[in-house]
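Some notes on the structure that comes next.
The values are calculated or read from the model by the stated rules, or taken from the named source; none is laboratory data. Fair warning: this is a prediction, and the values are worked out from it, not measured in the lab. With ideal geometry, Cβ positions are generated from the backbone for all residues, glycine too; neighbour counts draw on all protein chains shown.
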């Protein structure tokens, strides 16, 4: 399958999906979002992990305002229509994917681009990376799940600061705040993120279940979280990878997981 604004490749169980509109700093238009969703669906069928990146100097500059259909002369205009149509479905597709997603961030991750990066299960940044809640600069509110993602990662107070002031958050401070997992030199970013994605791709099928239960625990009670863990543990124990893991432990050898 060919894509216009996305690059897709498969390597060692990792589906590498890259935003490919460097002229707009990989701004999210309808076609970009739809191609990302399509590529994620493909990855779910043929890969065991996803590496999500952006081509050029920046990860993603946010929504492509040139692509919006908002009529500024209409007092009843609704900028939220794009959220329903393609922006929020794209974020949901990343977060709900049944395999782990690593996002690799260089340069700017702004607006909904920040949400896209933070929807990954593990987030690796180059030293030049920064996150920016740019919405207030155009008179809008955080979207793409920004309010939920930020508040649960760094707490309400810091989330409020980022959203209300719209100031850049450099990679090192994002790491200090617990917003991202790793910061590496820019020239090592792609290699480091791919290494992590390969490690996840080599893991057991239960990684997808870990992902689902961990995300779900953000929005439920302890009792609900334990019930979700109970159901997932049943499913995990019925995989071939569980049998291999136990046998490898008994044999005192590294397991050879197959992702099933």
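At-a-glance table
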item: Residue 73 touching a residue at least 24 places away in the same chain (Cβ under 8 Å) and in the same structural domain as residue 124 (by TED's automatic domain parsing); result: no
item: Residue within the stretch 240-256 that is touching a residue at least 12 places away in the same chain (Cβ under 8 Å) and exposed (fewer than 13 other Cβ atoms within 10 Å of the Cβ) present; result: yes
item: Verdict on residue 117 being within 18 Å of the chain's Cα centre (by Cα) and either surrounded by fewer than 24 Cβ atoms within 10 Å (Cβ to Cβ) or outside the structural domain of residue 189 (by TED's automatic domain parsing) (or both); result: no
item: Residue in the stretch 66-101 that is nearest to residue 18 (Cα to Cα), counting only those that are surrounded by 16 or more Cβ atoms within 10 Å (Cβ to Cβ) and over 14 Å from the mean Cα position of the chain (by Cα); result: 86
item: Residue check, residue 175 without any contact (Cβ under 8 Å) to a residue 40 or more places away in the chain, assigned by TED's automatic domain parsing to the domain that holds residue 194 and touching a strand residue (DSSP E or B) at 6+ places or on another chain (Cβ under 7 Å); result: no
item: Selection within the stretch 7-20 - within 17 Å of residue 67 (Cα to Cα) and either crowded, with 22+ Cβ neighbours inside 10 Å or not assigned by TED's automatic domain parsing to the domain that holds residue 119 (or both); result: 19
item: Filtered residue count, the stretch 124-136, keeping only those that are without any contact (Cβ under 8 Å) to a residue 60 or more places away in the chain, part of a strand (DSSP E or B) and in contact with a helix residue (DSSP H, G or I) (Cβ under 6 Å, 6 or more places away or on another chain); result: 1
